[in-house]
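Since the structure comes first, as structure tokens, the remarks are kept for the end.
All of the numbers you see were taken from the coordinates with simple rules; none came from a lab. Since we're looking at a predicted model, the values are computed, not measured. For neighbour counting, all protein chains shown are included, and Cβ atoms are generated from backbone atoms with ideal geometry for every residue, glycine included.
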Amino acid sequence: MFHHNGAAIERSGEVIAVQYVREGFSAMEFPDCNHVLRPGMIIISDLKQTYRGSHHEAVIEQIIIPRAALGLTDAEPFSPIILFEETERGGKLAAEFDRFFAEDPFGTRRQAHSRLQALLIAEIQETWRSNSDREEWWYGRRNLIRKYIDTHLDDPNLGPVQICELFNMSRATLYRMFEEDGGVRRRIQDRRLHSAIWDLATSGVKRGRLSQVSERWGFSSDANFNRAVKIAYGLPPGVLFRSSVTAKMDLDALGDQFIENDPFAEWFRSQDRGIF
């Protein structure tokens, strides 16, 4: 389990963290949203925000970038941005991670920095862009549906049919609206999995607890819940929570990864403070 607040924000609030999950999973809770990160998912996090979470046998590549390098020096903190490697935008970021962590870092990282910086600026601007009336309706309706999903996860009938009827839209429109989430079914499944996993991570796995959690978060049966967790994370829920680790990193531990004359590395050295 880990918490990022107070003193941690004071130390690291001037940076953005970009994380690419390679193995395992990580459950994270932010002020206005919760996420379970699985292999193939990328999260862009503003470390000015508070959050907490837990890693479970997770292998995560992480790149830390100063807010100033992204034009965010005086910007308000933003909610985390989630991308999937199979999508167009997520695939581009995933490719830059591969280049950045290649075996020949001296030949690739400098080029990867500029490309990664440009992609992140574009992604953040996409989140903040001013929209037309049509776009405002589109994103407003999507956010409303997301809130509806989050507050009705215990409803076993929650799904595309119910949502289309309630919000008076076609299946095709609903799919396009949630395409970046992998579809509305994927969104519902991910939210249920996150809520159930976070429940188990914070309260522990006790006798009868798995049944309580699967029922509470809308799974049709214990077997369905176990199968969903195993498909998503490779292990049944009882095995995932046998141990937990506390994540901590500081600049000294990262020192050997820096490249001479790297502008980001020089910025970190000038700060002389921990990250988390």
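Here are the numbers for the structure shown:
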| read-out | value |
| --- | --- |
| Relative packing of 162-171, 88-97, which averages over residues the other C-beta atoms within 10 Å, highest first | 88-97, 162-171 |
| Highest to lowest packing among 3-9, 22-28, scored as the average C-beta count within 10 Å | 22-28, 3-9 |
| Built amide H within the under 5 Å cut-off of residue 24, gap 5+ | 59 |
| Estimated vicinal HN-Hα couplings, Hz - segment 71-83 in sequence order (Karplus 6.51, -1.76, 1.60; Gly, Pro = x) | x, 10, 3, 10, 6, 5, x, 10, 5, x, 10, 10, 10 |
